[in-house]
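The values are calculated or read from the model by the stated rules, or taken from the named source; none is laboratory data. The shown structure was predicted, so the numbers you read here are calculated from the model rather than taken from an experiment. Here the Cβ is made from the backbone with ideal geometry for all residues, glycine too, and neighbour counts use every protein chain on show. What goes into the accessible areas is simple: the full protein's heavy atoms, side chains included, and nothing from ligands, DNA or RNA. Shrake-Rupley method; radii C 1.70, N 1.55, O 1.52, S 1.80 Å.
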Amino acid sequence: MGLREDSLLFLLGAGASVDAGIKHAKAMTLDIEEDIRKKDTDFSEFRDLYNYLKSSIIYQRGLEGDYAEQSATIEELLGVLSEINQKHRNKLYPFIGGWNIHLLKVAGEEFNKIEKLDKKIRDRLFDWINITNYDKAEYFKKFKDLTSEIGSAIRVFTLNYDICVERALVGTGINIELGFNPSSRGWEAAKFDSNPNTDVGLYLYKLHGSIDWIRDLDNGGALKLCDSPQKKTELIFGTTAKLSSIDPYLFYVHELRKYSLSEAARFIVVIGYSFSDDYINNLIRQALERSQYLKLLVVSPDLGSNQAKDRILAILRGLDEKIIFEPKTAKQFFENDMSLSYFSSLSEAGDDDPF
C-alpha cells in the first residue's frame, strides 16, 4: 500500500501527552478534589460550590441515561463555570425562571465565587501543562520519521493545550506549520492551505488553543504566538466556545471535517482521546459512514477492557468493522508501531482501493 498526502489524519487527546509527564483530566480532577477536601487550602472555600457543580454534571448525565461515569472532568467544570459566569448575558437566561436556589447559596455574593473558582482552576491547569522538561515527549519525534517515509506532509489535530509536539520536533529538521506569520506572530488561516511548493512536513491544528497563544487586545483581539507559555493564555472549553466564529476555532473544526471527508483519507488515527466530545465524535462517524476505504485506529491503554471498547462502539454505532483497537500507551505506539509498514499491514485494501 502506498500512502499519499492526506491519507493519514491524526487526532490527539489528553492521553497522548501522559507519557510526556502531563496529567490526564481525571488525575487533574483528583488533585483539585484533594485540595477541596483539606482545610486551609486555596480551594477549601469552594467546597460547597464544587460539590454542587460536580453533582449537577453527574445528575444531567443521569437524565440522559448515563450512569457509568460518576466524575466530572476539569474541562467539564470550566465549561459550566464559563456558562454560569455569563449570568444574565447567557442567551438562555430569559427562558429560565430563576437560578437554582442551592446555587445562589454556594456561589457567593454576585456569583463572585464562580469567577474566583474558574481562575483558580485555570491557574492550576496552566501549572500542570507547563512542564519544564520535554525529554519525556521525545516519542513525538516519530512524526518526523513517518513524514520522511511517506514523502509528504501529515495533518495532526490535537485537543491538547500543551506544546509537547512542537518541543519534541525542535531540531529534527521537520517544518511544522502552526498557522502563524513568522514576522508578525499573527494567525493566518491561509498557511494551512495545501501548497505543492511548501516544505511543510506537519500541519498542527490546536483545536482548543495553546498555552503559548494570547489575544492581542490592543490589536482587535488578534491571536498571537508567543515564545513561551503565558498565564493569560488562549484556551477554550466546551462546544459553544469551539464553534465560535473567532479564529481559529471554527476554521479548525472545518478543516477536520474537510480532510476526514477527503477521498484521499485512509486512516484517522486517534491517540489518547476519550470520545467525550459529541461534536468530534459526530465528525468521525460521518467520515467513516461516507468513505468505503476509511478506517479508524484507536490507541489507548484503556482498551484492554471490553467495557472501553464497547463504549466506543456504542458511540460510533454500526461501524464496528471499520474500527481497529490498539491497547497501548501513546509512547508504546509511537516507538513500536508508527511507520509506513505498520499502516500497510493494517490495510486490507484490494485492487479497488485507488491509492
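Report, by residue number, each residue of segment 125-159 that is in contact with a helix residue (DSSP H, G or I) (Cβ under 9 Å, 6 or more places away or on another chain) and among the hydroxyl-bearing types (Ser, Thr, Tyr).
TYR134, TYR139, THR158
Scan segment 213-240 for residues that are open to solvent by less than 40 Å² (accessible area, probe 1.4 Å) and outside any loop (DSSP other than H, G, I, E, B) and jot them down.
Of everything in segment 213-240, those that are open to solvent by less than 40 Å² (accessible area, probe 1.4 Å) and outside any loop (DSSP other than H, G, I, E, B) turn out to be TRP213, ASP216, ALA222, LEU223, LEU225, GLU234, LEU235.
So, restricting to helices (runs of 4 or more DSSP H) that lie completely within segment 102-212, which ones have at least 1 residues that are polar (S, T, N, Q) and either out of contact with any Pro (no Cβ under 6 Å at 6 or more places or on another chain) or surrounded by fewer than 18 Cβ atoms within 10 Å (Cβ to Cβ) (or both)?
Passing ranges, in order: 112-129, 142-150.
Out of LEU30, LEU81, LEU77, report the one residue that is open to solvent by 80 Å² or more (accessible area, probe 1.4 Å), out of contact with any Cys (no Cβ under 7 Å at 6 or more places or on another chain), of a type in the set (A, V, I, L, M, F, W, C) and not in a loop (DSSP other than H, G, I, E, B). Show your work before the answer.
Numbers: LEU81 fails: open to solvent by 80 Å² or more (accessible area, probe 1.4 Å); LEU77 fails: open to solvent by 80 Å² or more (accessible area, probe 1.4 Å).
LEU30 is the lone residue from the list that is open to solvent by 80 Å² or more (accessible area, probe 1.4 Å), out of contact with any Cys (no Cβ under 7 Å at 6 or more places or on another chain), of a type in the set (A, V, I, L, M, F, W, C) and not in a loop (DSSP other than H, G, I, E, B).
Out of VAL253, VAL270, report the one residue that is open to solvent by less than 30 Å² (accessible area, probe 1.4 Å), β-branched (Val, Ile, Thr) and assigned to a helix (DSSP H, G or I).
The conditions single out VAL253.
How many residues are modelled with pLDDT of 90 or more, out of contact with any Lys or Arg (no Cβ under 7 Å at 6 or more places or on another chain) and closer than 24 Å to ILE101 by Cα if we restrict to segment 34-76?
Going through segment 34-76 one residue at a time, the tally reaches 10.
Can you tell me which of ILE324, ILE284 is open to solvent by less than 20 Å² (accessible area, probe 1.4 Å), at pLDDT 95 or above, among the hydrophobic types (A, V, I, L, M, F, W, C) and under 23 Å from THR158 (Cα atoms)? Let's see the steps before the verdict.
Values: ILE324 fails: open to solvent by less than 20 Å² (accessible area, probe 1.4 Å).
Answer to the selection: ILE284.
Looking only at residues in segment 298-322 that are outside any helix (DSSP H, G or I) and under 20 Å from the mean Cα position of the chain (by Cα), which one is farthest from LYS144 (Cα to Cα)?
We begin by selecting, within segment 298-322, every residue outside any helix (DSSP H, G or I); these are 298-300, 305, 316-319.
So of that shortlist, the ones also under 20 Å from the mean Cα position of the chain (by Cα) come out as 298-300, 316.
Numbers: VAL298: 21, VAL299: 19, SER300: 22, LEU316: 31 Å.
My answer is LEU316.
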